[in-house]
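Peer 1: For reference, the structure I am asking about is given below.
The values are calculated or read from the model by the stated rules, or taken from the named source; none is laboratory data. Since this is a predicted model, take the numbers as computed values, not measurements. Cβ coordinates were reconstructed from backbone atoms using ideal geometry, including for glycine residues, and neighbour counts include every protein chain displayed.
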């Protein structure tokens with residue numbers, strides 16, 4: 001995305017491509033998984049003040065007093081933007097906002113789906129005010145084990161990298177694939193192969209779930225395709241959404257610091273930004289003060 005969604009030009013000054021190292025693993029290292037079954041927000045819960053007051057603190061693991069919400073996913077209607085940004089945190093989905101003819105990322109009041117991480121950032125970095133229309137919340141624990149495991153893998157990869165051990169490439173692939181696995185579509189069916197002599201018995205036991213079956217040519221095997229119950233779809237989209245939101249938070253911490261300092265950023269994408277090379281030391285010093 002270009003600054004203000006407009007073409008950028010620079011003369012004579014060197015521009016650096018400032019890249020983030022292992023963005024998604026870094027996001028997971030600050031995250032957790034939400035335990036329990038989500039509950040529908042009641043009418044009296046539909047306000048940002050209520051949600052922020054009852055949301056867990058960043059490193060809180062279990063409900064304590066009024067801090068009983070471990071996370072939430074809500075539909076909001078943005079009514080006011082207190083801090084316009086050159087790189088906008090607001091995403092105007094055309095499917096939710098068909099009447100708005102604006103860029104997908106823009107300083108525009110609109111409908112938007114957010115989780116607790118994104119809503120916090122919209123309030124902090126863009127001074128957003130909004131109505132909460134509907135959503136779900138979690139009131140179970142936050143399981144921190146995923147961040148611990150990712151940190152272990154990250155440290156192991158650094159160790160192997162220093163030793164020039166090729167295993168570090170495998171660990172890199174594992175780290176980079178975690179996010180992708182969490183946003184896969186639900187796995188709604190499974191394939192089972194059984195011996196022909198057991199096929200009739202297997203069909204009788206599983207007939208409610210069988211979609212189709214056929215013999216495997218040139219073998220004594222039968223292949224069955226079965227539907228899976230919804231609790232076994234292995235769909236981890238809530239975690240995937242949180243990983244994406246946390247990765248955006250990591251980038252927002254840098255982008256918004258730079259904007260607050262009046263530094264010029266020309267371009268940003270998922271894990272990098274283009275700015276004047278001479279501004280990097282100033283940005284680094286201010287970032288360390290803030291975070």
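Peer 1: Check region 146-157 and report whether any residue there is touching a residue at least 60 places away in the same chain (Cβ under 8 Å), farther than 25 Å from residue 112 by Cα and touching a strand residue (DSSP E or B) at 6+ places or on another chain (Cβ under 9 Å).
Peer 2: Taking region 146-157 first, the residues touching a residue at least 60 places away in the same chain (Cβ under 8 Å) are 146-147, 150-151, 153-154.
Now restrict to residues that are farther than 25 Å from residue 112 by Cα: 146-147, 150-151, 153-154.
Narrowing the set further to residues that are touching a strand residue (DSSP E or B) at 6+ places or on another chain (Cβ under 9 Å) leaves 146.
Yes, that holds for at least one residue.
Peer 1: Among the residues of region 84-103, which ones are closer than 19 Å to residue 256 by Cα and under 22 Å from the mean Cα position of the chain (by Cα)? Break it down into steps so the answer makes sense when it comes.
Peer 2: First, the residues of region 84-103 that are closer than 19 Å to residue 256 by Cα: 84-91.
Once the filter is applied, which keeps residues that are closer than 19 Å to residue 256 by Cα and under 22 Å from the mean Cα position of the chain (by Cα), region 84-103 yields 85, 87, 88, 89, 90, 91.
Peer 1: For region 65-81, enumerate the residues that are surrounded by 19 or more Cβ atoms within 10 Å (Cβ to Cβ) and more than 17 Å from the chain's Cα centre (by Cα).
Peer 2: In the first step, residues of region 65-81 are kept if they are surrounded by 19 or more Cβ atoms within 10 Å (Cβ to Cβ); the result is 69-74, 76, 78, 81.
Residues satisfying the conditions are 69, 76, 78, 81.
Peer 1: Considering only region 207-237, how many residues are modelled with pLDDT of 90 or more and either within 22 Å of the chain's Cα centre (by Cα) or in a strand (DSSP E or B) (or both)?
Peer 2: Number of matching residues: 13.
Peer 1: Out of region 162-174, which residues are assigned to a helix (DSSP H, G or I) and more than 19 Å from residue 234 (Cα to Cα)?
Peer 2: From region 162-174, those assigned to a helix (DSSP H, G or I) are 162, 167-174; that's our starting set.
Answer for region 162-174, where residues must be assigned to a helix (DSSP H, G or I) and more than 19 Å from residue 234 (Cα to Cα): 162, 167, 168, 169, 170, 171, 172, 173.
Peer 1: Can you tell me which residue is surrounded by the fewest Cβ atoms within 10 Å (Cβ to Cβ) among those in region 82-127 that are touching a helix residue (DSSP H, G or I) at 6+ places or on another chain (Cβ under 6 Å) and over 19 Å from residue 265 (Cβ atoms)?
Peer 2: 115
Peer 1: If only one of 204, 187, 280, 200 is outside any loop (DSSP other than H, G, I, E, B), out of contact with any helix residue (DSSP H, G or I) (no Cβ under 6 Å at 6 or more places or on another chain) and touching a residue at least 12 places away in the same chain (Cβ under 8 Å), which one is it?
Peer 2: Values: 204 fails: touching a residue at least 12 places away in the same chain (Cβ under 8 Å); 187 fails: outside any loop (DSSP other than H, G, I, E, B); 200 fails: touching a residue at least 12 places away in the same chain (Cβ under 8 Å).
Only one candidate qualifies: 280.
Peer 1: Among 88, 54, which is within 21 Å of residue 135 (Cα to Cα) and touching a strand residue (DSSP E or B) at 6+ places or on another chain (Cβ under 6 Å)? Quick ask: steps written out before the conclusion?
Peer 2: Values: 88 fails: within 21 Å of residue 135 (Cα to Cα).
Matching residue, one of 88, 54: 54.
Peer 1: Can you name every residue in region 248-270 that is under 23 Å from residue 91 (Cβ atoms), crowded, with 16+ Cβ neighbours inside 10 Å and touching a strand residue (DSSP E or B) at 6+ places or on another chain (Cβ under 8 Å)?
Peer 2: Selection gives 251, 254, 255, 258, 259, 265, 266, 268.
Peer 1: Looking at (1) outside any loop (DSSP other than H, G, I, E, B); (2) buried (at least 19 other Cβ atoms within 10 Å of the Cβ), can you tell me which one residue 134 breaks?
Peer 2: Among (1) outside any loop (DSSP other than H, G, I, E, B); (2) buried (at least 19 other Cβ atoms within 10 Å of the Cβ), residue 134 violates only (2).
Peer 1: While we're looking at this one, here's another question. Just checking, how many residues over region 207-228 are without any contact (Cβ under 8 Å) to a residue 12 or more places away in the chain and under 24 Å from residue 186 (Cα atoms)?
Peer 2: The qualifying residues number 2.
Peer 1: Still on this structure, I have one more. What number of residues within region 68-81 are in contact with a helix residue (DSSP H, G or I) (Cβ under 7 Å, 6 or more places away or on another chain) and more than 15 Å from residue 135 (Cα to Cα)?
Peer 2: Selection size over region 68-81: 2.
Peer 1: Which condition breaks for residue 89 when tested against (1) part of a loop (DSSP other than H, G, I, E, B); (2) without any contact (Cβ under 8 Å) to a residue 60 or more places away in the chain; (3) more than 16 Å from residue 35 (Cα to Cα)?
Peer 2: The single condition residue 89 does not satisfy is (2).
Peer 1: Within region 8-15, is even one residue touching a residue at least 24 places away in the same chain (Cβ under 8 Å), surrounded by 11 or more Cβ atoms within 10 Å (Cβ to Cβ), within 18 Å of the chain's Cα centre (by Cα) and over 30 Å from residue 172 (Cα atoms)?
Peer 2: Looking through region 8-15, none of the residues is touching a residue at least 24 places away in the same chain (Cβ under 8 Å), surrounded by 11 or more Cβ atoms within 10 Å (Cβ to Cβ), within 18 Å of the chain's Cα centre (by Cα) and over 30 Å from residue 172 (Cα atoms).
Peer 1: When you go through (1) under 20 Å from the mean Cα position of the chain (by Cα); (2) loosely packed, with under 14 Cβ neighbours inside 10 Å; (3) part of a loop (DSSP other than H, G, I, E, B) one by one for residue 30, which number turns out not to apply?
Peer 2: (2)
Peer 1: For the subset of region 16-27 comprising residues that are in contact with a helix residue (DSSP H, G or I) (Cβ under 8 Å, 6 or more places away or on another chain) and under 15 Å from residue 269 (Cβ atoms), which member is surrounded by the fewest Cβ atoms within 10 Å (Cβ to Cβ)? Don't jump to the end; show me each part of the working.
Peer 2: Our first condition is that a residue be in contact with a helix residue (DSSP H, G or I) (Cβ under 8 Å, 6 or more places away or on another chain); within region 16-27, this holds for 16, 18, 20, 22-27.
Cutting the leftovers down to under 15 Å from residue 269 (Cβ atoms) gives us 16, 18, 20, 23-24.
Working: 16: 14, 18: 19, 20: 16, 23: 20, 24: 24.
If we take residues in region 16-27 being in contact with a helix residue (DSSP H, G or I) (Cβ under 8 Å, 6 or more places away or on another chain) and under 15 Å from residue 269 (Cβ atoms), then 16 is surrounded by the fewest Cβ atoms within 10 Å (Cβ to Cβ).
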